[in-house]
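The next block holds one structure in the form of structure tokens; read it before the comments.
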């Protein structure tokens with residue numbers, strides 16, 4: 001079952017997991033199967049194949065989720081989406097955004113994030129809509145409703161992108177590559193051979209990875225709240241984030257140190273040390289077959305970890321791709337001198 005926190009309630013929401021073959025209406029399942037049969041496919045990092053859909057590489061599960069979002073999801077003008085390419089800081093931002101939105105509901109000393117992993121803070125809509133189908137209106141969420149997604153901007157319905165606010169977080173593509181490889185290697189099917197880092201590197205450079213290409217994903221959103229900026233000045237960026245969400249901190253809150261307390265609560269050091277985020281502490285179900293333990297979302301949380309994995313030549317190649325792809329956009333994301 002899929003799980004997320006419901007403010008002001010003692011329990012989490014537990015969505016009823018479905019069997020895709022039996023519970024999705026037959027005409028929708030038939031349409032999905034026909035679509036997948038027509039799409040180009042390539043080697044996936046987690047499963048056997050990913051499919052090229054409207055310029056982006058997606059698993060069969062998230063393609064199903066995307067089609068259901070287009071058909072069934074009704075956005076509200078107060079909805080806020082946290083969007084990012086995989087492994088670019090959504091765990092941290094989920095915690096921060098949930099803490100901002102619910103800071104008047106909970107004492108920071110007895111906060112739900114101390115007992116439940118950040119991935120439970122609000123729904124990851126890409127697969128949540130699939131797991132909880134047909135209950136897809138999310139009326140049980142308080143306003144503003146918070147959602148997370150890895151979908152590229154151009155894949156989402158215009159009813160969402162033209163109506164809702166988006167917080168986009170990105171990071172150095174070299175760090176995204178390394179973090180994504182570590183993460184998906186742990187989730188990779190045991191029936192498949194391990195994916196060597198050098199092969200993942202080649203696939204990444206060619207744009208072939210779940211939700212990729214990385215550079216097209218970033219350019220689709222463009223106005224990112226960069227991961228490195230949050231790391232350097234978290235209190236400053238947190239105040240900007242709260243203002244953007246329509247929930248600015250008051251002068252009294254700033255004087256009382258609420259900003260700093262939220263930064264501390266949601267820090268990598270604090271969250272990763274909690275029992276719920278350690279081995280056996282809990283997990284999230286993203287599809288009928290994919291369950292991820294909370295500890296897998298906390299590896300290092302560092303900027304520059306790519307230096308431990310990439311040779312100078314490999315680094316230069318990614319930097320050259322980044323420079324070429326982002327030329328003229330005003331972005332210099334992750335480029336090193």
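In region 320-337, which residue that is touching a residue at least 24 places away in the same chain (Cβ under 8 Å) and part of a helix (DSSP H, G or I) is surrounded by the most Cβ atoms within 10 Å (Cβ to Cβ)? Step by step, filter region 320-337, then rank; the result is 322. When the helices (runs of 4 or more DSSP H) confined to region 230-300 are screened for residues that are at pLDDT 90 or above, those reaching at least 2 such residues are found at 234-244, 251-255, 258-265. Pairs needed: first member in region 217-236, on the phi > 0 side of the Ramachandran plot and surrounded by fewer than 16 Cβ atoms within 10 Å (Cβ to Cβ); second member anywhere, at pLDDT 70 or above and assigned to a helix (DSSP H, G or I); C-beta distance under 9 Å; at least 6 residues apart or different chains. Listed by first residue and then by second, the contacts come to 222/153.
Looking across region 193-229, just one residue is more than 17 Å from the chain's Cα centre (by Cα) and at pLDDT below 95, and that is 229.
The values are calculated or read from the model by the stated rules, or taken from the named source; none is laboratory data. Only a predicted model underlies this, so the values are computations on that prediction, with no experimental measurement involved. Backbone-built Cβ (ideal geometry, glycine too); neighbour counts: all protein chains shown.
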